[in-house]
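No lab work stands behind these numbers, since they all come straight from the coordinates. Owing to the predicted nature of the structure, the values given are computational and were not obtained by experimental measurement. So basically every Cβ, Gly included, is an ideal-geometry build from the backbone, and we count neighbours across all protein chains shown.
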Amino acid sequence: MGKIIVIFFSLVFLLTFNVQARDTPHHFPVKNVIEMGIAQGKLSNDILFFFGDQAPPAIEKTFSQGVVTNKKTNASGKSELEACNWVMLSALIQLQERARNEGGDAIVNIESYFKKKVYRSNDQFECYTGAIMAGVALKGDIIKLKK
């Protein structure tokens, strides 16, 4: 009986170890996702996005700092680029809606923030893929620009 228990737990450990999620980082252009979102009518020009160190015009008011969005999507049957672009668009839509709801018209200091690990770039976003999921997390500040 003792051997059966040891074998059982050994098999459970091996199976659990083999199916653990892998998180492979990828970096893709932000511009392509924004253009895709605008073309599909999912993003609009009334909310602007400023990534990394991109400086916005003069700021009138800051509404929220350190706003985080963390989105996941099913990556099965999709290329890494396709899955990452899709989940990035979802994250941008969520930030856009949050800014609009707070009265902002821009999100600044946007950085990738997957598992609280910062990746800053002016033109790239970081996406993590696994066997069946892709994920993007973003962090930024919601502001209103001076007109």
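The table that follows gives values for the structure above.
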| read-out | value |
| --- | --- |
| Length-normalised contact order of the chain in % [C-alpha pairs under 8 Å, at least 6 apart] | 36 |
| Linear extension gain, Lys72 paired with Lys147, 0.36 nm per residue minus alpha-carbon span | 23.5 nm |
| Proximal lysines to Lys72, defined as alpha-carbon separation beneath 24 angstrom and excluding residues fewer than eight positions away on the same chain | Lys31, Lys42, Lys115, Lys116, Lys117, Lys139 |
| From the coordinates shown, Cα Rg over 2.2 N^0.38 Å corresponds to which of [x] 1.21; [y] 1.33; [z] 0.99 | [y] |
| Chain lengthening between Glu60 and Met36 when straightened (0.36 nm per residue, less Cα-Cα) | 5.7 nm |
| Estimated 222 nm signal from helices in the chain, with DSSP H stretches of n ≥ 4 weighted -39500 (n - 2.57), rounded to 500 | -11500 deg cm²/dmol |
| Cα-based helix-to-principal-axis angle, 2-19 vs the chain, degrees rounded to 10 | 30 |
| Restricting segment 89-138 to trypsin sites (Lys or Arg not before Pro) in coil, as DSSP defines it, with at most 15 other Cβ within 10 Å | Lys115, Lys116, Arg120 |
| Overall form of segment 98-147 per C-alpha gyration tensor (a/c, 1.5; a/b vs b/c) | prolate |
| Principal-axis tilt of helix 80-102 within the chain, Cα atoms, nearest 10 degrees | 50 |
